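Scroll down for the structure; my scribbles are underneath it.
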Amino acid sequence: MLKISDAVREVVTADPSLRTGLAQRLMNLTQVARHIRPAVEARTRKSVQIPAIAMSLSRLQARLPDLEGGPPLRLGRRITVQRGLAVLTFPNTRRCQEGLLPLQGAIRKAKGYLTISEGVREVTLIVEDGALPLVEEHVSERASHVAQGVASLSVSLTRENLKTPGVLYRLLQPLALQGVNVAEVTSTTTEFHIYIRDSDVMLALDSLYAAHG
């Protein structure tokens, strides 16, 4: 059976947004105590009073700057930037699907940039602005959304980072605090791509390096 303080620490450590809010003194501790009370009681296997949880939160909050929640994200030179992109979203229809394969072939032949993200109802394409005529030529479906003037920040993660809970949140949180709007995200196992307005690139880079430089 866990002590109340240990249970509170586990709950906070497992929730990056909660940990950040407490560390930055943005949250009312009594309200947080009410919110996490069921989780604390499940871990301690007993009824726990709100003031007892709030007291543990207060003690933990004083130490939160030392709680990294995993290894640091030392980005160094592991961010690459691709400017001049466009994001297009299409209904995921047969007409759309029929155009994707020839479009891939055309863009690969031109050695261009292409990312395809397919959902149940929609397909999103990310291409260079100069490839828009190729998209129009091969995809006969009408786009439901088009955004130009987009840039990609591609972050390379380490295998150690992949084991860290909330690692992607830690990349997006500095951008949210600066008011940088994220238009789209895509990923592979060790690469995380964040698509933002081209005009926000320097602010986003400065924010990421300040947080994880």
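Among residues belonging to segment 180-197 that are touching a residue at least 24 places away in the same chain (Cβ under 8 Å) and among the β-branched types (Val, Ile, Thr), point out the one that is surrounded by the most Cβ atoms within 10 Å (Cβ to Cβ).
Taking segment 180-197 as the starting set, the residues that turn out to be touching a residue at least 24 places away in the same chain (Cβ under 8 Å) are 180, 183-184, 186, 189-197.
Those left that are additionally among the β-branched types (Val, Ile, Thr): 180, 186, 189-190, 194, 196.
On the way: Val180: 20, Thr186: 16, Thr189: 8, Thr190: 13, Ile194: 23, Ile196: 20.
Checking each candidate, the answer is Ile194.
Test Ser140 against the stated conditions and say whether it is part of a helix (DSSP H, G or I), polar (S, T, N, Q), in the same structural domain as Thr89 (by TED's automatic domain parsing) and surrounded by fewer than 17 Cβ atoms within 10 Å (Cβ to Cβ).
Details: part of a helix (DSSP H, G or I): no; polar (S, T, N, Q): yes; in the same structural domain as Thr89 (by TED's automatic domain parsing): yes; surrounded by fewer than 17 Cβ atoms within 10 Å (Cβ to Cβ): yes.
When the stated conditions are applied, Ser140 does not pass them.
In segment 94-111, which residues are small (Gly, Ala, Ser) and either surrounded by 13 or more Cβ atoms within 10 Å (Cβ to Cβ) or part of a strand (DSSP E or B) (or both)? Break it down stepwise before answering.
Step one: filter segment 94-111 for residues small (Gly, Ala, Ser), giving 99, 105-106, 110.
Result: Gly99, Ala106, Ala110.
Listed here are the residues, each with its yes/no results for (1) at pLDDT below 95; (2) in the same structural domain as Leu208 (by TED's automatic domain parsing); (3) crowded, with 19+ Cβ neighbours inside 10 Å.
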| position | (1), (2), (3) |
| --- | --- |
| Val11 | yes, no, yes |
| Pro16 | yes, no, yes |
| Leu22 | yes, no, yes |
| Asn28 | yes, no, no |
| Gln31 | yes, no, no |
| Leu60 | yes, no, yes |
| Pro71 | yes, no, no |
| Leu88 | no, yes, yes |
| Asn92 | no, yes, no |
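Here are Ile196, Ile116: which of them is in a strand (DSSP E or B) and within 27 Å of Leu73 (Cα to Cα)?
Numbers: Ile116 fails: within 27 Å of Leu73 (Cα to Cα).
Answer to the selection: Ile196.
Please count how many residues of segment 166-188 are of a type in the set (S, T, N, Q) and either at pLDDT below 90 or touching a Gly at 6+ places or on another chain (Cβ under 6 Å) (or both).
Applying the first criterion (of a type in the set (S, T, N, Q)) to segment 166-188 yields 173, 178, 181, 186-188.
Add one more test, that the residue is either at pLDDT below 90 or touching a Gly at 6+ places or on another chain (Cβ under 6 Å) (or both), and what stays is 173, 178.
The number of residues fulfilling the criteria is 2.
Evaluate the following for Ala151: is it closer than 21 Å to Arg83 by Cα and under 17 Å from the mean Cα position of the chain (by Cα)?
On the way: closer than 21 Å to Arg83 by Cα: yes; under 17 Å from the mean Cα position of the chain (by Cα): yes.
Criteria met by Ala151.
Run Val155 past the list (1) modelled with pLDDT of 95 or more; (2) crowded, with 16+ Cβ neighbours inside 10 Å; (3) closer than 24 Å to Met202 by Cα and report the number of the one that doesn't hold.
Val155 satisfies every listed condition except (1).
The values are calculated or read from the model by the stated rules, or taken from the named source; none is laboratory data. Just so it is clear, the model here is predicted, and its values are computed rather than measured. Ideal geometry is used to build each Cβ from the backbone, glycine not excepted, and the neighbour counts take in all protein chains shown.
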